[in-house]
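See below for the structure under consideration.
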Amino acid sequence: MRRIQQGLQGLVILCLMTACGGAALSPSSGGDEIGFINQTNHSDEELRAIWKAAQQNIAQQVDLNPLQRSLYPGTLPHTLPGDSRALSIQPHQIAVQAEPDISSSKLFAETGTERADPTGLIACPVPCNVRYAAAFSFYQHPYTQYAASWEFQGNNFYQIIQYEFENHILNTLGYDMMWR
């Protein structure tokens, strides 16, 4: 039961994770070669499938404020119709890698938040709007990092990485990423 609660807490934090976005990524930046710099325990095919799911989600609907809604209950969704341009956006050497989780003792000392190890969180560096998240992405030199404990947590890994891939796509398309 505790594992399920941690998983659910992690998914809530998922909404906070891309407050860690970086500089803009142009469609041609990050290298000309399409694909990933895969430093995960998952195959390139799995990452491509997750990218495709992210493309399809954006093509169906664009949700621009999940972070705002998680921080301010009662905030209305800012959703737009799908953007079919997402289907043409390809990953250009996006590094994807795990980062060791912050320890529960360090998390408590720094934030007062109690979580059992593994915490499912990693430090989110400047210019993040949050200190810790399940994952984050930067766009100028494209990469995504995630808490290592999510690597084999069922569908959670896929959901976390898909959300981050959606952010890479939305950023490339020029959307306002303030509340993503």
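Details
- The set of residues in the range 124-150 being touching a Leu at 6+ places or on another chain (Cβ under 8 Å), under 14 Å from residue 103 (Cα atoms) and of a type in the set (Gly, Ala, Ser) consists of 133, 134, 147.
- In the range 76-121, residue farthest from residue 179 (Cα to Cα) [restricted to those that are surrounded by fewer than 18 Cβ atoms within 10 Å (Cβ to Cβ) and among the hydroxyl-bearing types (Ser, Thr, Tyr)]: 105
- Restricting attention to the range 122-140, the residues being of a type outside the set (Val, Ile, Thr) and crowded, with 24+ Cβ neighbours inside 10 Å number 6.
- When residues of the range 28-66 are limited to those that are outside any helix (DSSP H, G or I) and of a type in the set (A, V, I, L, M, F, W, C), the one modelled with the lowest pLDDT: 34
- Within the range 133-175, the set of residues being over 20 Å from residue 42 (Cβ atoms) and either touching a strand residue (DSSP E or B) at 6+ places or on another chain (Cβ under 6 Å) or at pLDDT 95 or above (or both) comprises 170, 171, 172, 173, 174, 175.
- Residue within the range 118-128 that is among the β-branched types (Val, Ile, Thr), in contact with a strand residue (DSSP E or B) (Cβ under 9 Å, 6 or more places away or on another chain), part of a loop (DSSP other than H, G, I, E, B) and at pLDDT below 95 present: no
- Matching residues, the range 146-174, being surrounded by fewer than 23 Cβ atoms within 10 Å (Cβ to Cβ) and touching a Pro at 6+ places or on another chain (Cβ under 9 Å): 148, 149, 173
- The set of residues in the range 146-177 that are out of contact with any helix residue (DSSP H, G or I) (no Cβ under 9 Å at 6 or more places or on another chain), within 30 Å of residue 117 (Cβ to Cβ) and outside any helix (DSSP H, G or I) contains only 152.
The values are calculated or read from the model by the stated rules, or taken from the named source; none is laboratory data. Quick caveat, the model's predicted, so the values are computed rather than measured. Glycine also receives a Cβ, built like all others from the backbone with ideal geometry; neighbour counts cover every protein chain displayed.
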